[in-house]
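**Student:** Quick one: the structure is below, and I'll ask about it shortly.
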Amino acid sequence: MSDFRCMIVDVEHERIDPAAALEFVADPAFGGFAMFVGRVREQNQGRAVVGVSYDVFEQLALAGFDDIVRRAQEQFGPRLKIHLAHARGRLGVGDVAVVVAVGTPHRDEAFRACRQVIEAVKHRSPIWKQEHYQDGSSEWSEGCSLCETQARDDQPESRHDGHAHG
Amino acid sequence: MKVEVSLFGAFRDYEPGAAVTLEVPAGARVADLRSALAAHGRAHWPGFREGLLMRSAFASQSCVLGEQEPLPASGPVVVLPPVGGG
């Protein structure tokens with residue numbers, strides 16, 4: 001069985017299950033587990049949110065997920081299991097949008113790998129978020145330009161930090 | 001040559017079918033398609049935000065394309081506005 005499981009979950013048919021994610025990364029050799037759970041929050045920049053729709057270019061997103069978890073394995077492995085799931089479709093406030101679960105022998109690698117994976121997902125994956133507001137309006141979130149990310153990646157000392165969103 | 005362009009995210013609001021077909025010169029590169037899509041947007045999409053297109057990447061079915069890369073020989077090209085999952 002693979003040490004990685006990456007998926008896009010169509011919320012019309014199923015929901016992301018954080019418990020299943022933790023179960024997947026369980027291993028008798030591991031003592032460290034870290035999990036990030038992203039849920040839809042009720043406010044965005046002071047406006048009341050009633051839901052969020054996620055649009056996903058699935059083929060490229062899954063290829064990118066594979067690349068993200070393999071980079072994490074190179075950096076923090078080789079003993080490492082990762083579960084990565086992101087929602088597609090409309091969610092309500094409090095619904096789970098994304099889960100990253102990591103299991104490793106010790107806690108340090110688990111925390112660091114989990115952080116690295118979720119940041120890469122947010123900054124590089126072809127996923128878009130449209131927020132639906134209480135007043136009936138909807139807006140696509142301004143995100144990270146993949147042109148700019150790619151240009152930065154071409155720099156030898158490139159880093160992606162200094163800003164936060166979502 | 002004709003190129004089918006698939007639209008995601010904010011671009012879906014401009015085109016209910018989430019796709020347009022554009023004419024570009026034979027041997028066109030990504031930059032040429034960007035220009036063609038900008039012209040299409042100005043002509044056909046009310047409220048078109050050209051700045052959004054300028055910050056958008058283009059991709060084949062398997063990878064993000066550089067600005068000077070030739071367009072894929074087959075299959076649609078995908079426009080990727082700035083991303084923001086999670």
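The values are calculated or read from the model by the stated rules, or taken from the named source; none is laboratory data. No experiment lies behind these values; they were computed from the predicted model shown. Positions of Cβ are generated from backbone atoms using ideal geometry, with glycine treated the same way; all protein chains shown enter the neighbour counts. Just the protein is used for accessible areas: all its heavy atoms, side chains included, with ligands, DNA and RNA removed. Shrake-Rupley method; radii C 1.70, N 1.55, O 1.52, S 1.80 Å.
**Student:** Treating the Cα atoms of the protein assembly as shown as identical point scatterers in vacuum, please give the log10 of the normalised Debye intensity I(q)/I(0) at q = 0.09 Å⁻¹, two decimals.
**Tutor:** One equal scatterer on each Cα of the protein assembly as shown leads to -0.43.
**Student:** Follow-up question, since we're still on this one. Take the Cα gyration tensor of region A:1-92, multiply each eigenvalue by 5, square-root it, and list the three semi-axes largest first, rounded to whole angstrom.
**Tutor:** They are 27, 16, 13 Å, listed from largest to smallest.
**Student:** Ordered by residue, what ³J(HN,Hα) values in Hz, to whole numbers, does region B:59-73 give under the Karplus form 6.51 cos²θ - 1.76 cosθ + 1.60, where θ = phi - 60° and Gly and Pro are x?
**Tutor:** 9, 7, 6, 10, 7, 6, 9, x, 4, 9, 6, x, 5, x, 5
**Student:** For region A:53-116, what is the Kirkwood estimate of the hydrodynamic radius, computed as the reciprocal of the mean inverse distance between distinct Cα atoms, to one decimal in Å?
**Tutor:** 12.9 Å
**Student:** Would you kindly find the accessible area of A:K129, with a 1.4 Å probe and non-protein molecules such as ligands, DNA and RNA excluded, rounding to the nearest 10 Å²?
**Tutor:** 20 Å²
**Student:** When all protein chains stay in place, what accessible area (Å², nearest 10, 1.4 Å probe) is found for A:S141?
**Tutor:** 40 Å²
**Student:** Then there's this: Counting other Cβ atoms within 10 Å of each Cβ, which trypsin sites (Lys or Arg not before Pro) in region A:1-79 have at most 14 and sit in a DSSP loop?
**Tutor:** Sparse-neighbourhood loop trypsin sites (Lys or Arg not before Pro): A:R15, A:R41.
**Student:** Quick one: Cα centre-to-centre distance for region A:56-120 and region B:1-68, in angstrom?
**Tutor:** Using only Cα atoms to place each centre, the spacing works out to 30 Å.
**Student:** Using a 1.4 angstrom probe and counting only protein chains, how large is the accessible area of A:D108 in Å², to 10?
**Tutor:** Per-residue accessible area (A:D108): approximately 80 Å².
**Student:** State which stretch of chain A is the longest one without any exposed GluC sites (Glu not before Pro), exposure meaning a DSSP loop state and at most 14 other Cβ atoms within 10 Å.
**Tutor:** Within chain A, the longest run free of exposed GluC sites (Glu not before Pro) spans A:43-141.
**Student:** Provide the FRET efficiency to the nearest 0.05 for the B:A31-A:D67 pair, computing r from the beta carbons and using R0 = 25 Å.
**Tutor:** 0.50
**Student:** Counting Lys and Arg as +1 and Asp and Glu as -1, each charge on the Cβ, what is the dipole of the protein assembly as shown about the Cα centre in debye, to the nearest 20?
**Tutor:** Value, rounded to 20: 260 debye.
**Student:** Multiplying the sequence separation of A:L22 and A:S2 by 0.36 nm and subtracting their Cα-Cα distance, what value in nm do you get?
**Tutor:** 5.7 nm
**Student:** Would you work out which of A:L22, A:L146, B:G27 lies farthest towards the positive end of the dipole of the protein assembly as shown? Charges go on Cβ: Lys and Arg +1, Asp and Glu -1.
**Tutor:** In the protein assembly as shown, that residue is A:L22.
**Student:** On to the next question. Taking every residue in B:71-84, how many Cβ atoms of other protein chains lie within 10 Å of its Cβ, on average?
**Tutor:** Mean number of neighbouring Cβ atoms from other chains: 5.
**Student:** Classify chain B as rounded, prolate or oblate from the Cα gyration tensor: take a ≥ b ≥ c as the square roots of its eigenvalues, call it rounded if a/c is under 1.5, otherwise prolate when a/b beats b/c and oblate if not.
**Tutor:** In terms of gyration-tensor shape, oblate.
**Student:** Per residue of region A:79-94, in order, report the coupling 6.51 cos²θ - 1.76 cosθ + 1.60 (Karplus, θ = phi - 60°) as ³J(HN,Hα) in whole Hz, putting x for Gly and Pro.
**Tutor:** Computed from phi, the couplings for region A:79-94 are 7, 6, 10, 9, 10, 10, 9, 10, 7, 10, x, 9, 10, x, 4, x Hz.
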